[in-house]
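J.: I'd like to ask some things about the structure below.
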Amino acid sequence: MIARHLSSRQVSRVIYGAIIGLALVVALQAHPPPPGAVVATLLGTAIAVALAEVYSELVGFETVERRQATTAETRSLGTDAVAVAIGVGFPSVFFLLEAAGVLAEDSAFALARWTGLGLLALYGFAGARLTGAGLPGALLKGLGIALIGAALIGLKALTH
């Protein structure tokens, strides 16, 4: 299942969504709302971005192809959108645990940030290995994509 996922278009969509989710977590941490509001914000954004993904891809497809998308083509766009939504919405798990009293607020935000960075690094590393890169090159690529997330966190630190 993992190998199939890593060879699909959904990899780029999950990464895209994870970056959006990480940006939301970092922004919300400045003035943290109650955990339920964080969950609602993440899941609401996941749905909105997924719908925007389907709409923009569908309009782009029909504009380029000069025809309506078939059901199978539309379903494929929907699958891509679900991957984006998963990437955006994943950090909500930690805030659900906070709401349940399992995690403290600081821990929920820390786990959301670090798992987001870890996910980005893992995808960069896996992608590099699948293209035949050696261990040092794959580690470098994994670090490179994780730096995108780290830049978001660093920007927040500079502005607050």
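J.: What number of residues within the range 131-160 satisfy the criterion of being out of contact with any helix residue (DSSP H, G or I) (no Cβ under 7 Å at 6 or more places or on another chain) and under 16 Å from residue 113 (Cβ atoms)?
T.: 8
J.: So residue 13 fits all but one of (1) assigned to a helix (DSSP H, G or I); (2) at pLDDT 95 or above; (3) not aromatic (Phe, Trp, Tyr); what number is the exception?
T.: Just one mismatch for residue 13, condition (2).
J.: How about the range 43-72: which of its residues are assigned to a helix (DSSP H, G or I), surrounded by 12 or more Cβ atoms within 10 Å (Cβ to Cβ), free of Cβ contacts under 8 Å to residues at least 12 places away in the same chain and not hydroxyl-bearing (Ser, Thr, Tyr)?
T.: Correct list: 44, 48, 52, 62.
J.: Now a separate question. Kindly check whether there is at least one residue in the range 134-146 that is buried (at least 16 other Cβ atoms within 10 Å of the Cβ) and touching a Lys or Arg at 6+ places or on another chain (Cβ under 8 Å).
T.: Scanning the range 134-146 turns up at least one residue that is buried (at least 16 other Cβ atoms within 10 Å of the Cβ) and touching a Lys or Arg at 6+ places or on another chain (Cβ under 8 Å).
J.: Scan (1) in contact with a Leu (Cβ under 6 Å, 6 or more places away or on another chain); (2) exposed (fewer than 14 other Cβ atoms within 10 Å of the Cβ); (3) of a type in the set (Ser, Thr, Tyr) for the single condition residue 7 breaks and write down its number.
T.: Only one criterion is unmet by residue 7, namely (1).
J.: Please work out which residue is surrounded by the most Cβ atoms within 10 Å (Cβ to Cβ), limiting yourself to the range 74-106 and to residues that are among the acidic types (Asp, Glu) and in contact with a helix residue (DSSP H, G or I) (Cβ under 7 Å, 6 or more places away or on another chain).
T.: 98
J.: Going by the conditions given, is residue 21 farther than 29 Å from residue 68 by Cβ, crowded, with 17+ Cβ neighbours inside 10 Å and within 14 Å of the chain's Cα centre (by Cα)?
T.: yes
J.: Which of the residues that make up the range 28-42 are farther than 21 Å from residue 155 by Cα and either surrounded by fewer than 17 Cβ atoms within 10 Å (Cβ to Cβ) or at pLDDT below 95 (or both)?
T.: Correct list: 34, 36, 37, 40.
J.: Which pairs turn up if I take residues in the range 18-36 that are within 17 Å of residue 96 (Cα to Cα) and look for partners that are outside any helix (DSSP H, G or I) with beta carbon separation below 7 Å, at least 6 apart in sequence or on another chain?
T.: 21/90; 21/91; 25/91
J.: Applying the selection to the range 67-82, what residues are charged (D, E, K, R) and within 26 Å of the chain's Cα centre (by Cα)?
T.: 73, 75, 80
J.: Can you find, within the range 142-160, the residue that is nearest to residue 129 (Cα to Cα) among those that are modelled with pLDDT under 75 and not hydrophobic (A, V, I, L, M, F, W, C)?
T.: For the range 142-160, the residue satisfying everything is 156.
The values are calculated or read from the model by the stated rules, or taken from the named source; none is laboratory data. What you see is a predicted model; the values in this text were computed from it and never measured. A quick note on method: Cβ atoms are made from the backbone with ideal geometry, for glycine too, and the neighbour counts reach across all protein chains shown.
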